[in-house]
Amino acid sequence: MAEYASRKSLLILLGICFIIITIKLIHLQIIRGERYFRLSEANHIRKVYIPASRGKILDRNNIPLADTRPSFALSVIPCEIDSGIITKLNKIVPLDSNKIKSLLYDQAYLRTPIKIKRHLDIKIASQIEELAAEFPGVTIEIEPVRIYPDGKAFAHIIGYLGEITTEELKSDSFYKPWHYVGRYGLEAVYEKYLRGRDGIRYTEIDALGREIGPIPEKREVPPDPGCDIILTIDAELQKLAYNLLSQHQRGAVIGLDLKDGGVLCLVSYPSFDPEVLTKGISTKEWEKLANDKSAPLINRVISAIYPPGSTIKPPITSLALEYGFITENTKFAPCAGEFRYGNRKFRCLGKHGSLALTDAIVYSCNIYFYQLALKLGIDKFGEFLKFWQIDEKTGIDLLSERKGNIPTRAYLDNRYGKNRWTSGLLVNYGVGQGEILLTPLKLAVIYSAIAQEGEFYLPHLLKEIRKSDSIIYRYQPAKKNLPVSKRSFQIVKKALQDVVTRGTGWAAYMPEIAIAGKTGTAENPPYRDHAWFVGYAPVENPEVLFCVLIENVGKGGAYAAPIVRELVKKYFEKRNFIANE
Amino acid sequence: MSKLNNSRIIIGVVIILNIIGLVTIYSAGGSNYFFRELIWTILGIGILLATVKIPVRLWENFSIHIFILTFLLLVLVLIVGGGPANRWFDLGFFNFQPSELAKVAIILFIAQRWAYKKIAFNMKDLLIPIVAALSYALLVLLEPDMGTGLIFLPVLAGMMFWHGISMFQIFLLFSPIFSFIFGFSIYLWIGYFVGFAIITYRKTTVVSWLIALMTNILAGLSSPIIWANLKEYQKARIIGFLSPWLDPKGMSWNLIQSQIAVGSGRIFGKGFLSGTQKKLAFLPNRETDFIFSTLSEEFGFVGAILTLTLYFFLLYQIYKIAQKTQNEFARLVAIGIFLVFSYQIIVNIGMVLGLLPITGIALPFLSYGGSSLIVSYLMIGLAIRIYKENQL
C-alpha cells in the first residue's frame, strides 16, 4: 500500500489551486476592492442631467425678446443601431457623415442615447415617431431651444447662442457637451446669469443601460433656471426704428432715456437672424455672412466709427463759449459760399452772409466753424474733443464697443510726419470731417450731456435681473456732471431748438412736441454722404434722445431727421402725451 | 468514534454549503429559484441517505449498465433535448441533465475496468476507458456544453495517476491534447512538437514514440479545423478571456462584470440582498454559473474565504477516504468523486474570478440547478458509503 500513500500530488495540486484562488480574491476584494466598489457604484447609477431653462431676455414692458421653447432632437443608442437603420434614417434626415462614422465605430458600444440632430422639423420628428418600429434604438427627444421673436430687429442687442466647443469644455468645467453658450450680444454679456444650472437626477440602470427608476438614497437636484434679464429697451420703439431704417441700405439708430441713460432702442441695419445662427450654420454660410459687403454682423451703433459732420459743431461750441473763445454774439468773416485757406477752398452749402453764433448753428454754416476751428487751434480743438471723451468707450454693456478717434497734434505728426501737415486739416475738423471718428452711441451720449446741461448718465441696456419673479439686481445709473456752466449749454440748446423750427432740421419738426437737434452730413468720398441727425425732446426738461445715422444717402436733414421725428412721436404717443390717432 | 464523526462532518459541511447556496440563490434569483432549489435540496438529502444504504458492490456490478444507459441518454438528449442548447430533458417539474449523471457513470465505469488490473496495464485496459471518456466528452461538447464536456479527461487522467500510472505515461497519452491546444498557433505548435519529440525519444520504444508523434501531428492539425467550426459565442468567450479589457461592453462583458461584483464586495461584502451587480442583471447566469460572484459581492472576502475553506475541508475528507480505502474499485470511485468536485470548484471559481475562460460549469451545492445538486448529493452519499464499508 505504500505506493498509494505517496500519491499526495493530487492534494498538493488542489492546495496550489486554492492558494491561487485565495490570492486572486485578496487582489480583487482587498487590494483593489475600493476601485471595484466605485466601479460597481458607477455601473448601476446613471447621472441624468435635467437641463435648466435659460433665462429670458425681456424689454422694459416684459415683452420677451429671447425665450425658450421645446424642440425636437434626434437621439440614437449606438449599440442598438446598425448601418441599415442609419441608411434609412439618412433618407429622412440628412445626417453628418462624420457623426455616422463615429456612431457605428468609435461609439458603437455605448448604451446611452446620443443626440445626433437637433432642431428637428416637427414633420420629420413625427414621421420618425410613426415609424418607430422600423427604427429600434432611435428616439425623438424634447429639449429646450432658444427663440428670438422679431429676432432681426433685436439681433445686435440680444446676440445669439452657439453650441459649446471642445476647447471651452476643457477650460470650463461648468459646461457639458449639450450646452449652448452666449456668443454675441447680451446673451454673451449676461451668460453667467442667463444659463442657470442643470439639475441632476440619479437613476438606477440595469446592465443594458435601461433606466429602472430613481434611487431613494440619492436625492434629485432640481434644475436651477437661469435669471431673466430685463432691459431698458422698448420693443415697440426698437421695431419702429428697425422698420424706418430698413427703408435704407445701411444705418444705425440709438435711443436713450435721458433720465437714467437706459437704451430705448439700438438698431443696426442690415441685420441677421439670430435663430439661424443659434441653430448653427455651415462654415460656408458663415463666411458668406461675415464677408457680406453690407456687414450685417457689425453693430453699427457701437462698433462702427464715422465722421460726425456738422453734429460736432454744438459740442465744440459749448466749450468754446465756456472758455471764452467766443460769445453768443461773436461773428466771423461773412459766408460767401466758400472759404479760402492757404491755397485751398473750403465750401459751405449756402451763402449765409454774416451770422452770429445761433444762426451759424441753425443754418449749419461751415464758414463760421472753419474760422472757429482756426481760432481754437489744433491743440485746443483736440482738447475739446478729448473733453467729450471721443477716444474712449462709453462702457455700454455690450461687447466690441469701439473707441473714436481724435486728430491731435501727436496723431497728425504720427500719421503725416512732423510738420508735414497743415492747418488746412483743422479747417475740415471744424465741421466734423476727416479724421474725427466716433460711434453713433458716443454722439448720443455727448448730446445727452448737452440736452441736460452737463448732467447725464452713461448708456446701459440692463434694467434689472430677476430670479423667479423677484428682482435680484437693479441697475443703478450713476449721474455724471460736466464741469461746464449751464449758461454755455443753454446758448447751444437754444440754437438746437431753432435748428428744428427754422433751420436744417426742419424735417424733425412736429407741432405736438418741441424737438431740438442737429443735422450732420459726413463726407464719405467717393460715395454719397452719411446722414446724421441727433435730437431730443421735449426741449424743456428733455426725456428722450435719438441719434440716427444712415450711410451713403445724402443730407442728414433730409434722411435722418424724419426718423427721429417718428421715434419721438412714437415715444410720446406711448406716454399719452400725444393723442394716438 | 472517528468513523461516526467523519461521515457526519461531511454531511454537515455539505449542508452548510447548501445553505450558503440557498441564501445566495434567494438573493440572486428571488424566491422562485429559492423554493425550487429547496425542494431539490430535500430530494438531494433523500438521495444522499439512500445512497449511503446502497452497497458499493452494487454500483460495481451495474457500472456497465449505467455507462451504457447514460451513453444512450446523452445521444437521446441531442435529438429530443430542450433548453438553450440540447442539454436537458424537460420533465415538466424538473429539467434533467444527463451530462451530470455522466460524471458518475464515467467514474464507475473506469473504476470497474481497472479494479482488478492493478498496475500491469496493457493498451486495451487503457484504451477502453479513454474511448469511453472521449465519447462522453464529445457527446456533451456537441450539446454544446463546453464546461461539462471538458471534465471527463482530467478525471480520467487523475484516476490513471491514482491507479499508479506514471506522470510521464499520462503526459504521453494526453500529449495530443496539448498538441491540439498549441495547434492554434503554428509557431507555438512547432516549438512544442520539436520539444516533445526530443524529450520522448529516449524514454519510449520506437513504436510508441512514432505513434505518439503521429497522434500529436493529427491533433495539432485538427485544432484550426475545429476552431473554424466553433460556435461564435464559444470563440467570443475564448477571445474575451484572453483580452477582457479590450472591449468592456462586448464579448468579455460577463468576465468584467463578474470581477467588479467580486471586487466590490471588499472585505465584509455589501450585505445580504444588497449586491448591486447581481440585482440589475449585470451578472449573467447569476444564480447558476456565477453564483460565487454574488456570494463574494454580498458577503465579501470573509464569505468567499469561508466557502473556500468549507470546500477544501470537504475535498480533503473525500481525499482521505480515497486514500484509506482498501478496495480498489471503491478507492478509484472515491478519487473520481474527489476529482469531479475539485475540477468543478476550481474551474467555476477560476472563471468567476477571471483566472480561467468562461466555460459554464456548476459550483457544487451552490449553483442553482436540480441535476447538479442531486448528482452532487449522490456522489457524497457514495463517498460516505465507501468510507463506511472500509471501516467495517
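What follows draws every value from the coordinates through simple rules; no lab data is involved. Everything numeric in this text was worked out from a predicted model, so none of it was measured. Glycine gets a Cβ as well: all are built from the backbone with ideal geometry, and neighbour counts include every protein chain shown.
Straight-distance candidates among the lysines for linking to A:Lys88, with alpha-carbon spacing under 23 Å and chain neighbours fewer than 8 residues away dropped: A:Lys99, A:Lys101, A:Lys115, A:Lys117, A:Lys123. Let me make sure I get this right: for the stretch B:1-104, a, b and c are the square roots of the gyration tensor eigenvalues over alpha carbons, sorted descending. Under 1.5 in a/c it's rounded, otherwise prolate if a/b > b/c, else oblate. Which is it? It is oblate, given that a/c is not under 1.5 and a/b is not larger than b/c. Here the sum of -39500 (n - 2.57) over DSSP H runs of 4 or more residues, divided by the residues of chain A, equals -10500 deg cm²/dmol at 222 nm, to the nearest 500. Hey, how many Å between the Cα centroid of the stretch A:527-564 and the Cα centroid of the stretch A:230-268? So the separation of the two Cα centres works out to 13 Å. Ordering A:Met510, B:Met351, B:Met160, B:Met123 by the number of other Cβ atoms within 10 Å of each residue's own Cβ, fewest first, gives B:Met123, A:Met510, B:Met160, B:Met351. Highest mean packing comes first when the peptides A:70-78, A:364-372, A:285-293 are listed by Cβ atoms within 10 Å, giving A:364-372, A:70-78, A:285-293. Based on the convex hull around the alpha carbon atoms, the stretch B:267-367 presents an average projected area of 6.7 nm². Taking amide H as placed 1.01 Å from N in the peptide plane, the amide H of A:Glu455 sits under 5 Å from that of A:Leu482, each at least 5 places away or on another chain. Extension gain for B:Ile54 to B:Leu221 (0.36 nm times residue separation, less C-alpha to C-alpha distance): 55.4 nm. Can you tell me the 0 to 90 degree angle between the C-alpha axis of helix A:561-574 and the longest principal axis of chain A, rounded to 10? The two axes meet at around 70 degrees. For A:Ala66, nonlocal amide neighbours, meaning residues 5 or more places apart or on other chains whose placed amide H falls under 5 Å from its own, are A:Ile57. Placing a label point 7 Å from the Cα of A:Asn576 along the Cα-to-Cβ direction, the residues of the stretch A:46-80 whose backbone N falls under 19 Å of that point are A:61-62. Take each residue in A:11-22, count the other chain C-beta atoms within 10 Å of its C-beta, and the mean is 6. Considering the stretch A:235-574, its Cα convex hull presents a mean projected area of 18.9 nm². With respect to chain A, whose longest principal axis is taken over its alpha-carbon atoms, helix A:83-92 is tilted by about 30°.
How much length would be gained if the chain were fully extended between A:Arg69 and A:Ile471, taking 0.36 nm per residue of separation minus their Cα-Cα distance, in nm to one decimal?
Length gained, A:Arg69 through A:Ile471: 142.4 nm.
Annotation: amide H of A:Leu264 within the under-5 Å range of A:Gly255, A:Leu256, A:Asp257, sequence separation 5 or more or interchain, hydrogens built in the peptide plane.
Here the scattering of the stretch A:47-231 is modelled by Debye summation over its C-alpha atoms, one equal scatterer each and no solvent; at q = 0.10, 0.14 Å⁻¹ the log10 of I(q)/I(0) is -0.49, -0.93. Counts of other chain beta carbons within 10 angstrom of each beta carbon in peptide B:263-274 average 4.
Phi-derived couplings, Karplus 6.51 cos²θ - 1.76 cosθ + 1.60 at θ = phi - 60°, listed residue by residue for the stretch B:109-115: 5, 5, 4, 5, 4, 9, 3 Hz, with x used for Gly and Pro.
Its Cα centre serving as origin, chain A has a Cβ charge dipole (Lys and Arg +1, Asp and Glu -1) of approximately 1400 debye. In this calculation the C-beta distance from A:Val221 to A:Glu523 is compared with R0 = 60 Å, giving a FRET efficiency of 0.45. Using only the Cα atoms of chain A, each taken as one equal point scatterer with no solvent, compute I(q) by the Debye sum, divide by I(0), and report log10 of the ratio at q = 0.11, 0.13 Å⁻¹. With one equal scatterer per Cα and no solvent, log10 I(q)/I(0) is -1.01, -1.25.
Secondary-structure-derived ellipticity at 222 nm for chain B, considering helices only, amounts to -25500 deg cm²/dmol, per-run term -39500 (n - 2.57) for DSSP H runs with n ≥ 4. Listed by Cβ neighbour count within 10 Å, with the fewest neighbours leading, A:Ser271, B:Ser372 appear as A:Ser271, B:Ser372.
When only the Cβ of Lys, Arg, Asp and Glu is charged (+1, +1, -1, -1), the dipole of the stretch A:47-231 relative to its Cα centre reaches about 280 debye.
Rounded if a/c is under 1.5, else prolate if a/b beats b/c, else oblate: with a ≥ b ≥ c from the C-alpha gyration tensor eigenvalues square-rooted, which is the stretch B:2-391?
Details: a/c = 1.70, a/b = 1.15, b/c = 1.47.
Here the stretch B:2-391 falls in the oblate category.
The alpha carbons of the protein assembly as shown occupy a box of 147, 57, 47 Å along the principal axes, longest dimension given first. Starting from the Cα gyration tensor of the stretch A:395-535, take the square roots of the eigenvalues, sort them a ≥ b ≥ c, and report rounded, prolate or oblate (rounded when a/c is under 1.5, otherwise prolate if a/b is larger than b/c, else oblate). Cα axes put the stretch A:395-535 in the oblate bin. In a DSSP loop and with at most 14 other Cβ atoms within 10 Å, there are no GluC sites (Glu not before Pro) in the stretch A:27-109.
Taking a point 7 angstrom from the Cα of A:Arg197 along the C-beta vector, which residues in the stretch A:41-59 have backbone N less than 13 Å away? Zone members listed by number: A:52. Using θ = phi - 60° in the Karplus curve 6.51 cos²θ - 1.76 cosθ + 1.60, the 3J(HN,Hα) couplings for the stretch A:490-505 round to 4, 4, 5, 4, 4, 5, 5, 5, 5, 3, 7, 6, 9, x, 5, x Hz; x is entered for Gly and Pro. Extending 7 Å from the Cα toward the beta-carbon at both B:Leu306 and A:Ala295 defines two label points whose distance is 8.1 nm. Computed from label points 7 Å out along Cα-Cβ, the spacing between B:Phe94 and A:Ile50 is 5.4 nm. Taking the centroid of alpha carbons for each part, the stretch A:429-483 and the stretch B:344-392 are 89 Å apart.
Each residue of the stretch B:311-326 is assigned a 3J(HN,Hα), and the resulting list reads 4, 5, 4, 4, 5, 4, 4, 5, 4, 4, 4, 4, 6, 8, 6, 7 Hz, derived from the Karplus form 6.51 cos²θ - 1.76 cosθ + 1.60 (θ = phi - 60°), x at Gly and Pro. Charge tally around A:Glu285: other residues with Cβ under 14 Å, Lys/Arg +1 each, Asp/Glu -1 each, net -1. Ranked by the mean number of other Cβ atoms within 10 Å of their residues, highest first, the peptides A:298-306, A:514-522 come out as A:514-522, A:298-306. Look at where the Cα atoms of the stretch B:22-88 and of the stretch A:357-428 average out, and the two centres are 106 Å apart.
Counting Cβ atoms of other protein chains within 10 Å of each Cβ in B:336-348 and taking the mean gives 2. Computed extension gain for A:Ser97 through A:Thr139, at 0.36 nm per residue and net of the alpha carbon distance, reaches 13.2 nm. The simple spin-label model puts a point 7 Å past each Cα toward its Cβ; for A:Trp421 and A:Ala478 those points are separated by 3.2 nm.
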